[in-house]
Structures are given as C-alpha cells and as structure tokens.
2 protein chains.
Amino acid sequence: MDLDLAAKLQQPAESKVVLCVLDGLGGMARPETERSELEQSDTPNLDRLTETSDVGLTIPVGIGITPGSGPGHLSLFGYDPYRFDIGRGVLEAVGIDFELGPDDVAARGNFCTLDADGNISDRRAGRIASELSAAIVERLRTVELDGAEVCVEPVREHRFVLVLRAPGLGEDVSTTDPQREGVPPLPAEGADPARERTAALVNEFVAKAGELLAEEKAANGLTLRGFATYPALPQIEDVWGLRAAALAVYPMYRGLAKLAGMRALACPGGMEEQLAVARERWDEFDYFFIHYKKTDAAGEDGDFIAKVSALEEFDTHVPGLTDLGADVLMVAGDHSTPALMAAHSWHPVPFLLHSAVARGGSVQHFTERECLGGSLGIFPAVEAMPLAMAHAGRLQKYGA
Amino acid sequence: MDLDLAAKLQQPAESKVVLCVLDGLGGMARPETERSELEQSDTPNLDRLTETSDVGLTIPVGIGITPGSGPGHLSLFGYDPYRFDIGRGVLEAVGIDFELGPDDVAARGNFCTLDADGNISDRRAGRIASELSAAIVERLRTVELDGAEVCVEPVREHRFVLVLRAPGLGEDVSTTDPQREGVPPLPAEGADPARERTAALVNEFVAKAGELLAEEKAANGLTLRGFATYPALPQIEDVWGLRAAALAVYPMYRGLAKLAGMRALACPGGMEEQLAVARERWDEFDYFFIHYKKTDAAGEDGDFIAKVSALEEFDTHVPGLTDLGADVLMVAGDHSTPALMAAHSWHPVPFLLHSAVARGGSVQHFTERECLGGSLGIFPAVEAMPLAMAHAGRLQKYGA
C-alpha cells in the first residue's frame, strides 16, 4: 500500500500488533531426509498457533532477489524496499548503534596497507585486531575539517565508520576503494557541483588521516565507500498512527527500527527478556517488533542442526509470545537462510498472522511446504503491514 | 492490464460474457462450526459449475484494503481502483439514479441543526423523516445561482445530493462539514484559483439555502462534502469493444455500471427478472453485468443464517444463469462481508470462470478454502476482465 494512502486510511484503535521476526527463517530440505529445518524441528506451540492463523509465504523484496538485512526488515515494516534504499554507510552506522542525524553522511571505512609507492598492498590491512583498530580510530578522531564535524567509530578488525556532519552534505560521492591491490586509493569525487563539497571534505579527511597513520605498519592507509545520508523514512507513527517499539538484541535491527520511527528498548538478554520488556511496556506502545537472530546465525554457518535447535528454542517462547495478548500477532522472516546454502537467499518465507478476524485455513505445520496451501498464498512482504493494520481494525474502508 | 493496451489488443468476436457479482460474497467461518457461510450453505448447482470451471480468489483492491462498493465493482469491470477513484459526491448521485453529466460537480449533503449562534447542535438534524427532507429539498430547488444550474435531490433522512452544473467546475473544494458539533459550518474553499469559482458558487448556495431553511426546527442548516466531478472513465466499449448491459436492482450498481459505459436495463424484480431481461436482450449486448445484493445485505446485518439462505437462493438461479449460454460466465464478489464482522472486509473473495477453454482443476465446492486450491490462485480482481476477454476470444496475441 502506498504510504500516502495508508496515512489517509489509518484510524485510531486500541488494538496491539506484534511482529516477531525470525531472522533468516526460511530454509531448504536436505536431500537425504527431504526435510527442511522447519520440517525437521519439533515445534508444537508454533504448530498450534498455525492451525488458527492465516498463513502464507512472503516474498521479501522481489522474485529472485536475495535481501540484505536492511530491505528484508524494511519490507516487513511496510516500506517498499526498492523505493527506500538504505545506503551501506548508514547500515554500518546503525549496526554499531551510532545515532545518525539528518545532517550526517556516513561511509564504511576499511584500513588498508600501502606500499612505499602509495599503492594498496593489502585491502584489509591484514585484518588487524579490533583492539588495535579501535586505538587507531581514537587517533583519527583528532582530525579537524573546515566546516564539518568528524565522527569515527570502530566496527571490527579493519572496519570502521566515518560520519561527516554538516548541513547540506550529499551522498553521491564516489568510493575511494579501487577494489583491487597494486593501485593507490582513489580520490573521492562528487557526482555534481553540490556534492563536490562533500567529496572535498572526504579527501581532506583522507589526507589528514594519512599523516596520522604514516607510522603504522599494517593500517597505514584507508578506503571509504557507501557514502549515504540519513534516510528520512516516513515515520511509522505518522503513516500508520502506531506508537512502535523495537525489541532487538543486535544494534543493526534496533537501528533499522529507529530509522522507521520505532523506539528501541534495551533488552540484551534475548527472547526471555524481550518478552518481559514487552509485557512491562505493553501500555505505552501499539506495535512491537521482536527480533530473533539465532535462526539466521545458524543458517549462515551452514549448520542445519543448529538451525533446527534455534527453531525449537524459539518454539518454547511461543506461549510467552501469545500470552502477550496482541490483537494481531505475526510470525515472519526477513528472508530465507537455508543452512544448505550457508547464506541469505531469495526463497519465499513462511508467514503467519493470528487475529480474531483471520479467516484461517487448514494448515497444520509452520513449514515452507504447508504454508503454500495457506489462506494468504504467496505475497510481497511489504503487504504484511497493511494486512496487520486491517486485522487490527486500524484501516478505514477505501471508497464509498 | 493497462487500458490502452487493452484497447490495442481487443478484437471483435461473437462471444458473450456474463459477470455475475454476488455482493459481499466472501465470508468467514463461525468458530463453533468452523464453517463459513459458503461452507455452510447447500449449493449443488454452484458446486457443479465449480467442478468444470477455473476458480480462485480475488483481491478486490489491495492486500488489507476493505473496499467500498465503488472500488469493489470498478475492479471487476477492469479499472485500477487506485487510479480511478470515484468521489463520494458522485457515488451518492449515482446511488439515487441521478444522471450525472460531464459539467457536473456533485456533493453529499447533510441537513443539520444550528443553534441561535449558528453553531451546529446536531450534525444529522435529528435524522429527520425522509418525507420532510424531500419537502425541504423541493424548496432548495428554487435556489438560483449566477452561472450554474442547481440540482438538489433527496436521499434518505437527513441526506441529500447537491449537483452544480456549469462548464469548468472543479472538485478540489473543501468540505463545509467541521465533523463536530458546537462550531459553525465551514466556508467552502477552492484548492487553487480555478476552483475558487466552484467554492464561491457553493457558498452562495449555502447562504441562499440558509434563508430558505431559517424557519425549520431541526433542519435549519446544511453541510456539504465529497465534492466530485463526473469521472470520465474510459468507456467499456472503447476499451474492450463490448456492448455492455447492467442488470441491477439497486441504483448504486446501475450507476457504477453507467459510469463505465454500460447500459442499465430496468429490472426491479430481482434475479428472476434480471435473467429474463438478459434472455430478452441477449442479442443486443456482448457483456452482461448481473448484480445480486442479498448476500451483502445479510452479511452487513451480521446474520449468518440469512447469508446462507441468500447463497442457497442464489444457487436456485444458477441453472438459469448457465442456460443463458454465455461463452464466458464469471461468478464473483466485489468484496467479502463476513456475517461475523457485520461489515465489508479485505479478505479475498471466491471467484469462478466457466468457459470452453478453462483449464479447470479439482475443486468441488465454491468456498473460500477450496478456491485457494483453484487454478487461478489468488489474484487482483482488476485482472478478471482481461482474463474473461481472453477466454472470450476477444484479445489478440501480444507481440509477434
């Protein structure tokens, strides 16, 4: 649904909506057993919920498109992932809980090793230790630029985030990373005159940082890419009239939720604590996004058994989830991460919506195959939000 | 399908198409029986038709969107309901069989009660009797405006329709209804200079009407909203090459059909008469829209049993419907109206298409659940028209 139309059709209600995202939920059958992770796992609570829910499969972004975490989640939050494209620099920044503002342009940085001629001899500076990297970052924070504030934050190993802060900076700035060794880093260039100022600031930063790094053995250079300004997403409260809370352990997901206008509540302890915080803060919010990471982590590791365990562990939390008493409860995934592929994939993702006005169907098990026969069919993940809002009584009729 | 493309691809044929719309067809299972209205009803004729048809479920407007009658029907007639948005005033006008023309701007009117200070004390004038309302409307017809013809028509109780007729009137005119009591009606304002003329005419009408209403006890004021000009819909004959007839008892549906370019044939007596008129006029038209209202009325009343009866009554007309001998027969709904919700809803709607070139499937019963397994899957209602045209041999190949 177009967000302008959504803003027109939404109406206030007392109802509560919970979106529980199992990261990388969808999987694939192992040839030897012909069972996927979901089919292999013993999930009695999820199955019971499935029997009384509308179920289907979501297409996270588009047919054949393997989503990153950004588009995978934004879709479920109701944002057209093609239209609202979050730049790499911004994702890196929100991934370390950096509070981005509207005057910021963020970039992903890599330390690299330069040889005597200034050519890159190692694009990742020998993957230097995170501690050393943090110390170098500390030094880079002393760089001062004429007309922009500089923030530098360590990420892990050779990776860091650079944020330049000044009104009117642009994101159409070319990468300084030549993507190969044996050549020097590139100068940043602005795509148009207005962006040249940003590029000039970037080049000034690189020059001054270079002086500070000159004595380093491995990390005596750096490259920057993915320049991205703060994405001014329509805020979930303005569009849908929802006071929304995010319950996520990892900064990346809290950050994505914050971009959408959700309030990120601290709950480092995992599902048990996420559900406890939801219960405590139940009256303050209309919409709760709960993020469960273990399914994706196991899938990315290619560990089929660990993913089955992660699903079974999640299942033990399902009673706590349903006991919240939401009017609309969705169990969804941001994308598939089949353990067999050890990577994100494009495959449609099981989806379940429980509400008093769900039509229901005859699906018994929450699996890729059975969800195919569900009452929701295969549908774009971006439609989950309007669907939930309809079930929550928060959308007026369209047309007389 | 884009209507420009449709106009290019359509080709003449001798074939006949019938679209039979069961208003509010889709339902929802009662928890105690786990059966929906369709599942509960005994519809042997519909079931027999289902076995030899392509079936599926339509999404009337969009996922999670609850359609009004306007968008629900326009979709089935092949119009993108987002693009062709029919304003409230127009729907009110067609709903009383008023013949709108291209120079008209129509508004929904409410009589209201004003207190001594001119503030609204009752937004619905105590829901005055329709007879009294009609008499007051009669008086308002004497209002003369400089440069526009005035038409006023009673609807029911406190409701009426105002139509101003003059070339170049606009519809972006603000409502005069403040949507609350204790404040005076608002002046109408035009969104741009070109619309200000319309707003000025509206305000002049309101002032002159006010004088005529001054002595009324309850209905001594009025508000106007939903200003809408005649929607110049591409005409069904121009787009699809169809001479189309509408067989509907209620003015609203005849009106919608007329907007699309169908000829509305009088048949006040219901299905028996609708089918008789279709038989009589069979040779004059290529496309027949037949509207059955009782399913929606029962659903809106929240009367599950009445909806079951309405479906069973419809079933007795199915032999008459198939005996027409159309090359393509569709049985569809404009939206769901589950008796459990006593309202229109967003849930997908069972759909059936019978033709000699239907691929068919293995669906035995025309129900929400069984249609899920049909050969058409879940698809947007707006695609029913090109699908029917294909089955009718009225669409050329696209591309060489």
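Per-residue SASA remark: A:Arg156, around 140 Å² accessible (1.4 Å probe; ligands, DNA and RNA not included). Over all orientations, the stretch B:142-285 has a Cα convex hull whose mean projected area works out to 11.9 square nanometres.
Partner shielding of A:392-398 amounts to 6, given as the average count of beta-carbon atoms from other chains within 10 Å of each residue beta-carbon. Bridges between two residues of the protein assembly as shown, per DSSP, are antiparallel at a rate of about 60%. Exposure check, 1.4 Å probe, all protein chains in place: A:Ser53 carries approximately 0 Å² of accessible surface. The three principal axes of the Cα atoms in chain B give end-to-end lengths of 69, 55, 38 Å, sorted in falling order. Within the stretch B:183-234, the trypsin sites (Lys or Arg not before Pro) that combine a DSSP coil assignment with at most 13 other C-beta atoms in a 10 angstrom radius are B:Lys217. Taking all Cα pairs closer than 8 Å and separated by 6 or more residues, the relative contact order of chain A comes to 33 percent.
Here r is the Cβ-Cβ distance between A:Asp42 and B:Arg141 and R0 is 60 Å; the resulting FRET efficiency, rounded to 0.05, is 0.20. Work through the residues other than A:Met1 whose Cβ is under 15 Å from its Cβ and net out their charges, Lys, Arg +1 and Asp, Glu -1. Every neighbour counted, the sum reads -2. For the stretch B:48-148, the Kirkwood estimate of hydrodynamic radius, built from reciprocal distances between every pair of different alpha carbons, is 17.8 Å.
With N set to the number of residues, divide the alpha-carbon radius of gyration of the stretch A:1-77 by 2.2 N^0.38 Å and report two decimals. Kindly include the intermediate steps, with their values, before the conclusion.
Working: Rg = 16.5 Å, N = 77, 2.2 N^0.38 = 11.5 Å.
Output field value: 1.44.
Each residue of the stretch B:269-400 gets 129 Å³ once the volume of the Cα convex hull is shared out per residue.
Counting Lys and Arg as +1 and Asp and Glu as -1 over every other residue whose Cβ lies under 10 Å from the Cβ of B:Gly241, the net charge comes to -1.
Mean per-residue shielding of peptide A:200-211 is 0, counting Cβ atoms of other chains within 10 Å of each Cβ.
Sorted from shortest to longest, the distances between the B:Phe379 label points of this copy and the other copies are 1.8 nm, with each point 7 Å from Cα along the line through the beta carbon. Does the stretch A:252-302 classify as rounded, prolate or oblate by the C-alpha gyration tensor (a ≥ b ≥ c root eigenvalues; a/c under 1.5 gives rounded; else a/b over b/c gives prolate, otherwise oblate)? Oblate is the answer for the stretch A:252-302, as a/c is 1.5 or above yet b/c matches or exceeds a/b. Size of the protein assembly as shown: Rg and Dmax of its alpha carbons, in Å, are 31.1, 98.
With a 10 Å cut-off around each Cβ of B:65-73, the average count of Cβ atoms from other chains is 5.
The stretch B:56-124 to the stretch A:83-142: how many Å between their Cα centroids? Rounded to whole Å, the Cα centres lie 55 Å apart.
Taking 7 Å along the Cα-to-C-beta vector as the label spot, tell me the B:Asp85-B:Ser309 distance in nanometres, rounded to one decimal. It is 4.0 nm. Inter-copy label distances at B:Tyr398, using a point 7 Å along Cα-to-Cβ, come to 2.1 nm with the shortest given first.
Of all DSSP-defined beta bridges confined to chain A, some 60% are antiparallel rather than parallel. Taking every full run of DSSP H in chain B, the ones that stretch at least 18 Å from end to end by Cα along their long axis and average -1.0 or higher on the Kyte-Doolittle scale are B:193-213, B:304-323. When you filter the GluC sites (Glu not before Pro) in the stretch A:20-115 for DSSP loop state and at most 14 other Cβ atoms inside 10 Å of their Cβ, you are left with A:Glu32, A:Glu34, A:Glu99. Rolling a 1.4 Å probe over the protein heavy atoms leaves B:Ile96 with an accessible area of roughly 50 Å². Relative contact order, whole percent, for the stretch B:205-358 stands at 16, derived from Cα pairs under 8 Å and 6 or more residues apart.
Between identical copies, the spacing of B:Gly182 label points, each set 7 Å from Cα toward the C-beta atom, reads 8.0 nm from nearest to farthest.
Centre-to-centre separation between the Cα atoms of the stretch A:326-383 and those of the stretch B:161-212: 49 Å.
Across the stretch B:337-390, Cα-Cα pairs more than 14 Å apart make up 59 percent of the total.
The values are calculated or read from the model by the stated rules, or taken from the named source; none is laboratory data. From a predicted model like this one, the values you see are computed outputs, not experimental measurements. All Cβ positions, glycine included, derive from the backbone under ideal geometry; neighbour counts span all protein chains shown. Remember, those area values only see protein heavy atoms, side chains included, never the ligands or the DNA or RNA. Shrake-Rupley method; radii C 1.70, N 1.55, O 1.52, S 1.80 Å.
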